[in-house]
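The values are calculated or read from the model by the stated rules, or taken from the named source; none is laboratory data. Computed from a predicted model, the values in this text were never measured in an experiment. So basically every Cβ, Gly included, is an ideal-geometry build from the backbone, and we count neighbours across all protein chains shown. To get the accessible areas, we keep the full protein, side chains included, count just its heavy atoms, and leave off ligands, DNA and RNA. Shrake-Rupley method; radii C 1.70, N 1.55, O 1.52, S 1.80 Å.
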Amino acid sequence: MNEDIKLMKGNEAVAHAAIRYGADGYFGYPITPQSEILETLMAEKPWETTGMVVLQAESEVAAINMVYGGAGSGKRVMTSSSSPGISLKQEGISYIAGADLPCLIVNIMRGGPGLGTIQPSQADYFQTVKGGGHGDYRLITLAPSSVQEMADFVELGFDLAFQYSNPCMILADGIIGQMMEKVVLPPFRPRKTDEEIRAESPWATQGKRKGEAPHIITSLELDPAKMEENNIRFQKKYKKIEDNEIRYQEYECEDAEYLLVAFGSAARICQKVVEVARAEGIRLGLLRPITLWPFPAPVLSEYANKVKGMLSVELNAGQMVEDVRLAVNGRVKVEHFGRLGGIVFTPDEVLQALKEKIITQ
């Protein structure tokens, strides 16, 4: 038996994957439904094995600023929270993006607005892919739909963050965070040495060395001309990410006349919808965005020439549907179906919405 195959929650998978990846530090604060990430890290005590720092900060604001400091020293650092906690981190996230720093952020979404409910939601889509904090910045955003992807996206998220010197968000919801599935954990890899960090991240602040100028990391620039140059550089980076890092999954799309678009837990439900619809003779397919940013707009644009209509299925009042409509640019009908307040829809509800909103119109 493979000892790396485990049965665990999605939150637990994130924690184990971070240790095995060789992460240098985690700074967080408990909030339902993501608290198991911090709890698992504390139970595993990686500081005794890999040297990974695990710290419960005094607040979400403190946690994200600890990440800012760790990222500035070239370390692989991360944090996690759930919707209201992520809201509190937004200023720090903007600072990190403005300082061109890599880090990993995990959001296990719950219902809102406000304190809302601890039940699952996908209503943080706007917050994550449209900014959240202030300024013209972007977060690379990965949307897992399984416990296995919760583990896999830790490595992918860190690697993308360091490749592009940009924060990366794993955006899941309470279903994916709390559900238990079989997962194959990645092999252990050692943490980077200080020498390896200096070679990989020569910009990092690791103390002044003889013959080197001090490394100053900041998002502050009082000269507007230089600040514009910084922003233009950011936009060039974001364009490169859009050109190279779009990820998505197609399910029964080859002959589809109608298309569901869904991410995360909603996409899992929609796979069953496709099966039921096809049993009724409806040629339905599913496109699952894996990267919510960069969004697979070019792929959806191509499908606009092939299908009769699209239904964006989300656990919210209608957020990703705006990006779907922008992608197809009016060439095909796009509607939204969702449930709110932590209620999760059934496959039958989605299929009925497809028939009423798309097929019979």
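Numbers below:
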{"quantity": "Scope region 79-131; condition among the polar types (S, T, N, Q), more than 24 Å from residue 218 (Cα to Cα) and outside any loop (DSSP other than H, G, I, E, B); matching residues", "calculated": "81, 83, 107"}
{"quantity": "Candidate set: region 223-268, residues that are β-branched (Val, Ile, Thr) and under 19 Å from the mean Cα position of the chain (by Cα); chosen: the one farthest from residue 319 (Cα to Cα)", "calculated": "241"}
{"quantity": "Of residues in region 39-54 being open to solvent by 10 Å² or more (accessible area, probe 1.4 Å) and closer than 20 Å to residue 161 by Cβ, the one farthest from the chain's Cα centre (by Cα)", "calculated": "50"}
{"quantity": "Residue 194, sole failed condition from (1) over 30 Å from residue 308 (Cα atoms); (2) at pLDDT 95 or above", "calculated": "(2)"}
{"quantity": "Where a residue in region 66-89 is under 16 Å from residue 122 (Cα atoms) and its partner, wherever it lies, is among the basic types (Lys, Arg) and crowded, with 24+ Cβ neighbours inside 10 Å, with Cβ under 9 Å and at least six apart", "calculated": "81/89; 82/110; 83/110; 84/110"}
{"quantity": "Scope region 21-38; condition open to solvent by less than 20 Å² (accessible area, probe 1.4 Å), in contact with a Gly (Cβ under 8 Å, 6 or more places away or on another chain) and in a helix (DSSP H, G or I); matching residues", "calculated": "37, 38"}
{"quantity": "Test: residue 249 is outside any helix (DSSP H, G or I), touching a Leu at 6+ places or on another chain (Cβ under 8 Å) and of a type in the set (S, T, N, Q)", "calculated": "yes"}
{"quantity": "Condition check for residue 167: on the phi < 0 side of the Ramachandran plot, surrounded by fewer than 14 Cβ atoms within 10 Å (Cβ to Cβ) and not hydrophobic (A, V, I, L, M, F, W, C)", "calculated": "no"}
{"quantity": "Selection status of residue 21, aromatic (Phe, Trp, Tyr) and within 24 Å of residue 152 (Cβ to Cβ)", "calculated": "yes"}
{"quantity": "Number of the condition not met by residue 264 [criteria: (1) under 30 Å from residue 22 (Cα atoms); (2) open to solvent by 30 Å² or more (accessible area, probe 1.4 Å); (3) small (Gly, Ala, Ser)]", "calculated": "(2)"}
